[in-house]
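The next block holds one structure in the form of structure tokens; read it before the comments.
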Amino acid sequence: MRISNVYKLLLLLNILHNKKATKKQIISEFKKENINLNKVSITHYIKQLEENNIEINVEFNKKEKVYSIKQKNPTVNFSDKELKAIEDVKKLMIAQKNYIRIRKMMRLFYRIAKYIKDKEQQLTFINFGYYSTINWGLVLQLEKHCREKNIIMIDYILPNGTNRYINIHTDSVRIGEWSNRIYLWGVFEGGEEFSQLPVDRIFMVKKVIRKSVCFNMYVNCVKYTISKDLFKEIELDSKEKVLKTDSKYVTLQRPADDIFYLVQRLLYFCPDLYYVSEGKVKDLLKEKLETLKANYDNTPDE
């Protein structure tokens, strides 16, 4: 079983367990998951399900085959090779740093786990490491507050184990650049710079301070100027905005909501980067460039 096929096979198992479906309907269900599938592949996956002792029932409706799972409670037993492929699928999904897709995948795995009779296999199947420890109900709650840009009070667990109430202007929930940890991003009430709080340290949302806040979340922005030639080659990210352009230069602005990303982006613009506004980003950029220069100067001649 190839790694790329494992998730498709599990998704097909879940579809056919929940309802009867034609190949056309199966293809439509896969499209909802942004997966393209053809009728030949469906035949192949159905054969694989049958090889795993899952009986597929076939009926005819207006000359179309309609598929469903024959058993009410099918039993699935994965081989060691298949379990290894499933673990690889999990690792691949986690590496993509899209926690929403990971959450959907976990829901699918939990639904299918009930078909696995071997308890050890079942526990291995639903184990997603760090993501298995996440309170997904809390994540959904935080996402809602972020969409509404609410100010909320959270009960936060400090590294020493004590709790502290924190008021924060919510902006977004996302996975960190340098880890697979999920963070709540926002601005502390009374502050100007973005901060991030690991969701696994948030015990609960204590209360909403203000709903649907009319607040300029991006109070701390960075301006930078690059050559017009470079500007023609790059693609602006979703938060970059053009402030000024002339015959030689283009000045951009972006919120400093992810300082490490900004430093990496500005390094990419060198040597066609001519100006960066004052602030923490500029200081970190200078520090990084000085380190690179020192390392370059210390490189022995060949």
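The values are calculated or read from the model by the stated rules, or taken from the named source; none is laboratory data. It should be emphasised that the depicted structure is a prediction, and the values quoted were computed from it without experimental measurement. Neighbour counts are summed over all protein chains in view; Cβ atoms, including those assigned to glycine, are modelled from backbone coordinates with ideal geometry.
For region 100-130, the set of residues classified as in a helix (DSSP H, G or I) and β-branched (Val, Ile, Thr) consists of Ile100, Ile102, Ile112, Thr124, listed by residue number. Looking across Lys84, Lys97, Lys91, one residue alone is among the basic types (Lys, Arg) and assigned to a loop (DSSP other than H, G, I, E, B). It is Lys97.
Whether any residue in region 11-32 is hydroxyl-bearing (Ser, Thr, Tyr), more than 15 Å from Leu108 (Cα to Cα) and part of a loop (DSSP other than H, G, I, E, B) is what I want to check. Among the residues of region 11-32, at least one is hydroxyl-bearing (Ser, Thr, Tyr), more than 15 Å from Leu108 (Cα to Cα) and part of a loop (DSSP other than H, G, I, E, B), which makes the answer yes.
Take the residues in region 23-34 that are more than 18 Å from Glu59 (Cα to Cα) and surrounded by fewer than 14 Cβ atoms within 10 Å (Cβ to Cβ); name whichever of them is modelled with the highest pLDDT. The residue in question is Ser28. If we keep just the residues of region 154-184 that are among the aromatic types (Phe, Trp, Tyr) and within 19 Å of Gln96 (Cβ to Cβ), which is surrounded by the most Cβ atoms within 10 Å (Cβ to Cβ)? Only one residue fits best here, namely Tyr183. Return a yes/no flag: does region 176-192 have any residue that is out of contact with any helix residue (DSSP H, G or I) (no Cβ under 9 Å at 6 or more places or on another chain) and assigned to a strand (DSSP E or B). Yes - at least one qualifying residue is present in region 176-192.
Residues satisfying the criterion are present in region 251-273 (criterion: under 31 Å from the mean Cα position of the chain (by Cα), over 21 Å from Glu193 (Cα atoms) and part of a loop (DSSP other than H, G, I, E, B)).
Taken over region 150-171, the criterion of being hydroxyl-bearing (Ser, Thr, Tyr) and part of a loop (DSSP other than H, G, I, E, B) is satisfied by Thr162 alone. Closer than 30 Å to Trp178 by Cβ and either surrounded by 13 or more Cβ atoms within 10 Å (Cβ to Cβ) or touching a residue at least 24 places away in the same chain (Cβ under 8 Å) (or both): does that describe Ile94? It is true that Ile94 is closer than 30 Å to Trp178 by Cβ and either surrounded by 13 or more Cβ atoms within 10 Å (Cβ to Cβ) or touching a residue at least 24 places away in the same chain (Cβ under 8 Å) (or both).
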